[in-house]
Amino acid sequence: MLRLENVTKLYPTSVRPALDDVSMDVDRGEFVFLIGPSGSGKSTLLRLLLREEAPSSGNVFVANWNVARLANRKVPKLRQRMGCVFQDFRLLGNRTVAENIAFALEVTGKSEHTIRTVVPEMLELVGLDGKSERMPAELSGGEAQRVAIARALANRPLVLLADEPTGNLDPETSDDIMLLLDRINRAGTTVVMATHDRQIVDAMRRRVVELHLGKLARDDARGVYGASR
Amino acid sequence: MNGLGFVWREALAGLRRNVTMSVAMVLTTAISLGLLGAGLLAVRTIDRTQDLYYSQLAVQVALDEPTSAGDANCSSPTCTGLREQLQGDPLVSAVSYESRDQAYQRFLRIYAGQSILQLVRPQSLPATLRVTPKDPTRGDALVAEYTGKPGVRNVVDQRALVQDLFTFLASVRNAAFGLASIQALAALLLISNTIQVSAFTRRTEVGIMRLVGATRWYTQVPFLIEAVITGVVGAVLATGGLVLGKLFFIDRLLSGRLISNAIPAVGMSDVLLFVAPLLVVVGAAIATATGYVTLRLYVRN
Ligand SMILES: Nc1ncnc2c1ncn2[C@@H]1O[C@H](COP(=O)(O)OP(=O)(O)OP(=O)(O)O)[C@@H](O)[C@H]1O
Ligand SMILES: [Mg+2]
């Protein structure tokens, strides 16, 4: 599903590579935690998968796409099959919950009909049925992240990329979000999640990939957060 | 198509979001296009006037009294000699003879019913050799060559007589085009700036669009439509301005006794059928090009 082959990423403005000769594979339906200290290259790895950045060398594959070599005009097609959520939710403050979810469908050219059926489905999936007309400012952090997840899933992506999705949430709310992500993963969506949250990683006992200064430091099939340090 | 609806809504929202700037942008565009239109009307008037005159304009070689008197078909030796010399001249393409009698008849036709007729008798009109120069702009050479020849009273280049008029019209045209291009530059910069501001205002939205896989149609075309709307609305306002200008300025100016015979009127159809479509096309094209370049240079897609 996802594959990195000897990927190195050197940002033009820095001397140390953000990713240094990283190779890894993620199968369809896996749940992968991406951990490592700040600056170790977690976000960079996710950005390469989304083709927000191109690798300095090496290859990146997502499903059948050779991501690094993809023509610019094909990038939207790739991104439509990849959902992503972030620490800061990135909702549009001037649109309701339902409109935020509909937005992802609208700007990828889905029909009115599709939008009318998919939006309620997504709201139900993330447990926000009654709050479709709320504005983002009227939501708790956990609710906002649920809306972001609903939006990320609206186009039925193959992979969900999450960059510290619980970074702004209290432990209890984080657990709820993790339950949701686990449920989504069990329904078949591959999930890659970058996190600093030791508790979550230890509780879930899923695959753990650790980066250290841009290098792959560890890859455990059912890992915990602090094993190697 | 749903995409079309989205793009339109976003473009209109963009224009509404910063009304002050949108109005400035539209007005500047309108003034620029209005000046361009005025220049085009001047060009059209010049062409018309030239068509009207140039076919009839000739170098008139007027013959003196002895040569003019009683010669119905240029049979006197002086006249024949002059005519042959003119026909052999490399600058000349055709020569025709108008006798004093024919001149008088023409005079009677042109000024039929006017009091000037009572003052003119056949004897006061010269016979003329009407010379069509090969190159209408070289009439001066003919004037220089044939003035003072035996049998010649004077030589007049009719084109030189109306040249002042054309010079005036041409300067109107140049001034209009000059101002139009300065104003167009202002319009370009304003459109470009507005798009940059608009893109900055919507950066979160566009960022999310890119993330969920929206194509450039969704991320960029709204900005282009904003620009196109500006261009088209500007062109419509400019056309309105030209119509008012025609009704309240040009029509009055050209209705003066002297000028009305010399310059053909600017028709409403010139404004609406010739200039207006051009302004719409030029306005839309320039705005689109500006928008496209701005997006390329300043806005990540
Ligand atoms: N746009 C950029 N330009 C230059 N350097 C960058 C850029 N983005 C990241 N970096 C550098 O690349 C390295 C890896 O950054 P990255 O954001 O991938 O780390 P991270 O593991 O996500 O960190 P965190 O846990 O703090 O989010 C860091 O040294 C960072 O300074
Ligand atoms: Mg990060």
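The values are calculated or read from the model by the stated rules, or taken from the named source; none is laboratory data. Model, not experiment: these values are computed from the prediction. Cβ sites come from the backbone with ideal geometry, for glycine too, and all protein chains shown count toward neighbours. For accessibility, only protein heavy atoms count, side chains too; no ligands or nucleic acids. Shrake-Rupley method; radii C 1.70, N 1.55, O 1.52, S 1.80 Å.
Summarised as an ellipsoid, the stretch A:90-195 has semi-axes of 21, 17, 12 Å, derived from the eigenvalues of the Cα gyration tensor scaled by 5 and square-rooted, with the largest first. With N as its number of residues, the stretch B:171-301 has a Cα radius of gyration that, divided by 2.2 N^0.38 Å, comes to 1.42.
With the charge dipole of the protein assembly as shown set up from +1 on Lys and Arg Cβ and -1 on Asp and Glu Cβ about the Cα centre, the Cα lying farthest toward the positive end among the listed residues B:SER96, B:VAL23, A:GLY29 is that of A:GLY29. Chain A packed on chain B takes about 1600 Å² of accessible surface away from a 1.4 Å probe, both sides summed. Checking every one of the trypsin sites (Lys or Arg not before Pro) in the stretch B:115-224 against DSSP loop status and a limit of 16 other Cβ atoms within 10 Å picks out B:LYS134. With N set to the residue count of the protein assembly as shown, report its C-alpha Rg divided by 2.2 N^0.38 Å to two decimal places. Cα-based Rg divided by the globular estimate yields 1.68.
Once the C-beta distance of B:THR201 and A:GLU124 is scaled by a Förster radius of 35 Å, the resulting FRET efficiency is 0.55 to the nearest 0.05. Taking Cα centre as origin and charging only the Cβ of basic (Lys, Arg, +1) and acidic (Asp, Glu, -1) residues, the dipole magnitude of the stretch A:1-145 rounds to 600 debye.
Scanning the protein assembly as shown for cysteines with no neighbouring cysteine C-beta under 4.7 angstrom from their C-beta gives A:CYS84.
Ranking A:ALA104, A:VAL118, A:SER132 by how far each Cα lies toward the positive end of the dipole of the stretch A:91-156 (charges on Cβ) leaves A:ALA104 at the top.
Among A:211-217, B:118-124, the peptide with the highest mean count of other Cβ atoms within 10 Å heads the list, and the full ranking is A:211-217, B:118-124. Among the listed pairs A:LYS42/A:LYS110; A:LYS74/A:LYS110; A:LYS9/A:LYS77; A:LYS42/A:LYS131; A:LYS9/A:LYS110, which are separated by more than 29 Å between their Cα atoms? Going by Cα-Cα distance, A:LYS42/A:LYS110; A:LYS42/A:LYS131; A:LYS9/A:LYS110 fall outside the 29 Å limit. FRET efficiency for the A:ALA71 to B:LYS134 pair, using the beta carbon distance and R₀ = 60 Å, is estimated at 0.45.
Computed over chain A, the per-residue total of -39500 (n - 2.57) for DSSP H runs of n ≥ 4 gives a 222 nm mean residue ellipticity of -9500 deg cm²/dmol, rounded to 500.
Residue order by solvent-accessible surface for B:TRP8, A:TRP65, B:TRP217 is B:TRP8, B:TRP217, A:TRP65, largest first, with ligands and nucleic acids left out and a 1.4 Å probe.
Computed log10 I(q)/I(0) for the stretch B:58-159 at 0.10, 0.11, 0.14 Å⁻¹: -0.27, -0.33, -0.53, from the Debye equation with unit scatterers placed on every C-alpha and solvent omitted. When you filter the chymotrypsin sites (Phe, Trp or Tyr not before Pro) in the stretch B:68-157 for DSSP loop state and at most 13 other Cβ atoms inside 10 Å of their Cβ, you are left with B:TYR111.
Partner shielding of A:70-80 amounts to 3, given as the average count of beta-carbon atoms from other chains within 10 Å of each residue beta-carbon.
Full extension of the chain between A:ASP202 and A:ASN168 yields a length gain of 10.4 nm, computed as 0.36 nm times the residue separation minus the alpha carbon distance. Placing +1 on each Lys and Arg Cβ and -1 on each Asp and Glu Cβ, with no other charges, gives chain B a dipole about its Cα centre of roughly 1320 debye.
Run the simple label-point estimate for B:ALA175 and A:MET135 please: 7 Å along Cα→C-beta, distance reported in nm. Spacing of the two 7 Å Cα→Cβ label points: 5.4 nm. Over the C-alpha atoms of chain A, the Rg to Rh ratio, Rh being the Kirkwood estimate, stands at 0.96. Protein-only accessible surface at a 1.4 angstrom probe places the residues A:MET1, B:MET209 in the order A:MET1, B:MET209, largest first. Counting only Cβ charges, +1 for Lys and Arg and -1 for Asp and Glu, the dipole size of the protein assembly as shown around its Cα centre is about 380 debye. With all protein chains in place and a 1.4 Å probe, the accessible surface of the stretch B:1-70 carries 64 percent carbon and sulfur.
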